[in-house]
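K.L.:
Below are the structure tokens for one structure; questions will follow.
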Amino acid sequence: MTSFRATSVDSRHGDDAPWSHRLHPLQRGLLTLAAGAASAFVGTFAHRMGASADIPYGLALALVIVGASAWCARSRSGIAGLGLHLVSSSMVAWGMAFGGPGGDATTPVGFSGGSLPWFSQHAGYAWLYGLIVVQVLLLVLPGRFFRTTGPRRSSGAAGRIAARVRGFRSRGRVDDEGHRDDVGNGGIATRRPVR
């Protein structure tokens, strides 16, 4: 029986990487553009929640959504992916702020009123500039913060358990004494300690 397995086009991502990291670079770029646009679209509507009560939970939620999407973009495609995400999300958020042909804007900015709470007056600016600041902060973080797979070798009890599980999956059955049954040399089973 023939089995088919997805292979990585990019050598940076192994077989244990998430599905979106194993895509062709062009597909990863298109996915990043779509994720940036979608996160900015959702964030544009979410950032106003709590504005009338001066509780910025909507803005915090919107920035977390954009930050999580940008983190995925950087871990999937590096700094270029984060740049694509920044451009896509900024275009959508700022485009929605300018409004449509009827003059209605989904991100009200540039107004003041004595009866409106402070956060209600400034939530639009905080959203439009905040989504850029969050992504620039992700740009300057070191690359190790964007690793999706951990190191292969661990120390301590957790490392021994992980090695035993990996040994069981890839090299044969491991018994309670730490010996592995390997089938090799024409089907002859041998027992040896796990290292």
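K.L.:
Write down Rg/Rh for the stretch 30-96, rounded to two decimals, with Rg from the C-alpha atoms and Rh from the Kirkwood relation over Cα pairs.
P.N.:
Rounded to two decimals, Rg/Rh equals 1.04.
K.L.:
Students often check this: by mean Cβ neighbours within 10 Å, which of 21-31, 71-81 ranks highest, and how do the rest follow?
P.N.:
Highest to lowest by the protection proxy: 71-81, 21-31.
K.L.:
Right, another one. Can you give the Rg to Rh ratio for the stretch 19-146, taking only C-alpha atoms and Rh from Kirkwood?
P.N.:
Value, to two decimals: 1.03.
K.L.:
For a quick check: sort W94, W19, W118 by the number of other beta carbons within 10 angstrom, fewest at the front.
P.N.:
Starting with the residue having the fewest Cβ neighbours, the order is W19, W118, W94.
K.L.:
Give me, ordered by chain and number, the residues 5 or more places off T106 or on other chains with an amide H under 5 Å from its own placed amide H.
P.N.:
G99
K.L.:
Can you work out ³J(HN,Hα) from phi for every residue in the stretch 55-67, in order, using Karplus 6.51 cos²θ - 1.76 cosθ + 1.60 and θ = phi - 60°, giving whole Hz and x for Gly and Pro?
P.N.:
Here the 3J(HN,Hα) series is 10, x, 5, x, 5, 4, 4, 4, 5, 5, 4, 5, x Hz.
All of the numbers you see were taken from the coordinates with simple rules; none came from a lab. Quick caveat: nothing in here was measured; it's all calculated off a predicted structure. A quick note on method: Cβ atoms are made from the backbone with ideal geometry, for glycine too, and the neighbour counts reach across all protein chains shown.
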